[in-house]
């Protein structure tokens with residue numbers, strides 16, 4: 001891949017305090033104490049293994065919000081050609097988003113329908129939801145703080161892209177195809 005090209009995996013998630021992704025039955029472990037108030041954070045992320053990843057929160061997941069997130073990613077990776085891999089959510093495929101991406105020289109690569117396993121950021125969302133289900137969240141600000149810390153901790157520590165490329169791609173061929 002060219003040094004001037006940044007690869008990004010785009011997706012959004014809505015981690016919430018009422019999700020029960022952690023199954024915990026134990027007679028010996030300390031019980032988990034949960035806040036029963038419902039807090040939900042509509043979260044956008046772009047995981048970039050060779051650029052600057054971003055995480056941001058939006059009220060909605062509309063096409064205008066997607067364009068704003070793309071702009072944040074462009075600002076975080078100045079002067080770089082951007083290739084984004086994303087799913088087929090309707091706001092991702094909207095005419096407005098495609099035109100915006102074209103103006104900003106962002107190449108959008110859409111995954112096949114119903115294939116979340118092809119997007120490595122999904123593993124980050126899964127890890128965040130699992131972590132949130134085990135802790136006491138005080139309020140929405142605390143929830144967002146936990147998401148930010150977990151997101152960047154996971155991105156910095158874990159190499160999701162390596163496993164993803166080994167599992168789903170012939171990485172050399174794929175990167176050459178994207179960057180030509």
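Miscellaneous remarks
The rows are residues; the columns are (1) loosely packed, with under 15 Cβ neighbours inside 10 Å; (2) at pLDDT 85 or above; (3) on the phi < 0 side of the Ramachandran plot.
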| residue | (1), (2), (3) |
| --- | --- |
| 63 | no, yes, yes |
| 70 | no, yes, yes |
| 83 | no, yes, yes |
| 91 | no, yes, yes |
| 116 | yes, no, yes |
| 137 | no, yes, yes |
| 151 | no, no, yes |
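- When region 94-141 is filtered for residues that are over 12 Å from the mean Cα position of the chain (by Cα), assigned to a helix (DSSP H, G or I) and under 21 Å from residue 74 (Cα atoms), the ones remaining, listed by number, are 95, 96, 97, 98, 99, 100, 101, 102, 103.
- Positions within region 48-61 being touching a helix residue (DSSP H, G or I) at 6+ places or on another chain (Cβ under 6 Å) and modelled with pLDDT under 90, in sequence order: 49
- Unmet criterion (only one of (1) in contact (Cβ under 8 Å) with a residue 60 or more places away in the chain; (2) in contact with a strand residue (DSSP E or B) (Cβ under 9 Å, 6 or more places away or on another chain); (3) in a loop (DSSP other than H, G, I, E, B)) for residue 79: (2)
- Residue count for region 39-76 satisfying the condition of being farther than 18 Å from residue 123 by Cα, in a strand (DSSP E or B) and under 15 Å from the mean Cα position of the chain (by Cα): 1.
- Residue 41 vs. criteria surrounded by 18 or more Cβ atoms within 10 Å (Cβ to Cβ), in contact with a helix residue (DSSP H, G or I) (Cβ under 7 Å, 6 or more places away or on another chain) and at pLDDT 90 or above: no
The values are calculated or read from the model by the stated rules, or taken from the named source; none is laboratory data. What you see is a predicted model; the values in this text were computed from it and never measured. Neighbour counts run over all protein chains shown; Cβ positions are idealised from the backbone, glycine included.
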